[in-house]
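Encoded as structure tokens, the structure appears first; notes follow it.
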Amino acid sequence: MSFVIALSPAVNWLQQGRYNLLAELRADGASAARIKAETARSDTTRRLLERHAAFEEYVRAMHGDADGMTADRWDFISKNYTADATQDLRALRGIPVLLTLAGHDINVDTADTERTYHKVLDPGGALTVEHYPDATHSLLKRSIEQSDLKITLTALFSPRSLFADGFLDSQQQFLKEISPGNNATP
């Protein structure tokens with residue numbers, strides 16, 4: 001492996017799932033009662049996953065309200081909910097890594113991700129971190145992502161303008177710095 005460009009990555013499935021749940025509820029202006037209810041529902045789901053419950057048991061536990069969950073999705077979650085990339089990151093020590101983080105990311109706790117990457121990868125000295133304060137999880141400009149019409153029109157007439165300012169340029173610069181024959185170091 002020559003390099004890695006990591007775009008808004010999560011490290012731990014369970015931690016990031018809880019972060020996402022609470023971030024979405026705050027963004028919706030949820031009441032304390034709703035936050036408590038949704039957190040309890042999430043805790044029930046976690047207990048079912050720990051017991052390796054079947055999808056049918058999940059549906060019963062949710063009182064018939066699967067809330068968009070399908071059997072295939074439940075199977076996928078059951079196989080992956082304990083995923084944690086911390087151990088895998090150790091294999092990247094010494095390999096140039098560009099960690100790209102969005103300022104308006106409700107999917108991933110970017111502060112936690114950055115702390116973990118620094119903790120694991122700094123000993124190898126090849127980590128570069130770029131922050132995009134106006135970007136969402138997908139690294140699009142927040143002002144564009146909030147409107148389907150803006151996304152469509154920008155994608156059609158100025159596709160590079162979809163992304164946060166400097167995002168594409170920083171990737172290009174990172175690749176130039178790590179290219180063979182270039183004396184610059186990442």
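Where a number appears in this text, it was derived from the coordinates with a stated rule and is not lab data. Since the structure is predicted, the reported quantities are computational estimates derived from the model, not experimental observations. Positions of Cβ are backbone-derived with ideal geometry, glycine not excepted, and every protein chain shown enters the neighbour counts.
Just how far, in whole angstrom, is region 4-32 from region 53-110 if you go by their alpha carbon centroids?
About 10 Å separates the Cα centre of region 53-110 from the one of region 4-32.
Stick to the Cα atoms of the chain, pair each with every other, and give me the Kirkwood hydrodynamic radius in Å at one decimal. Mind showing how you got there, number by number?
Values: mean 1/r = 0.0529 Å⁻¹.
For the chain, inverting the mean 1/r across all distinct Cα pairs yields 18.9 Å.
By how many nm would the segment from ASP67 to ARG142 lengthen if fully extended, with 0.36 nm per residue of separation less the alpha-carbon distance? Can you show the working numbers first?
Details: separation 75, 0.36 × 75 = 27.00 nm, distance 2.70 nm.
Full extension from ASP67 to ARG142 adds 24.3 nm.
Can you sort LEU156, LEU121 by how many other beta carbons sit within 10 Å, fewest first?
Ascending number of Cβ neighbours within 10 Å: LEU156, LEU121.
Using Cβ contacts closer than 10 Å as the measure, can you line up ILE5, ILE144 from fewest to most?
Working: ILE5 15, ILE144 19.
In increasing order of surrounding Cβ atoms, one gets ILE5, ILE144.
Hey, fewest Cβ within 10 Å first, where do SER161, SER147 land in order?
Values: SER161 14, SER147 11.
The order, fewest Cβ neighbours first, is SER147, SER161.
Run the quick spin-label model on THR44 and LEU175: label points 7 Å from Cα toward the beta carbon, then report their separation in nm to one decimal.
4.8 nm
Return the Rg/Rh value of region 20-130, two decimal places, where both radii are evaluated on C-alpha atoms and Rh is the Kirkwood radius.
Details: Rg = 17.8 Å, Rh = 16.7 Å.
That ratio is 1.07, to two decimals.
Which of these, SER31, SER138, SER42, has the largest mean-square fluctuation under a Gaussian network model of the chain (Cα springs below 10 Å)?
Result: SER31 has the largest fluctuation of those listed.
At 37 °C and 0.692 mPa s, what whole-number value in µm²/s does Stokes-Einstein give for the translational diffusion of region 13-80, with Rh from the Kirkwood sum over Cα pairs?
Values: Rh = 12.7 Å.
Approximately 259 µm²/s, per Stokes-Einstein.
Which one, ARG93, ARG51, ARG115, has the greatest fluctuation when you compute a Gaussian network model over the chain with C-alpha springs under 10 angstrom?
Top of the fluctuation ranking is ARG51.
What's the extension gain from HIS118 to GLU56 if we count 0.36 nm per residue and subtract their Cα-Cα distance?
On the way: separation 62, 0.36 × 62 = 22.32 nm, distance 4.14 nm.
Result for the pair: 18.2 nm of gain on full extension.
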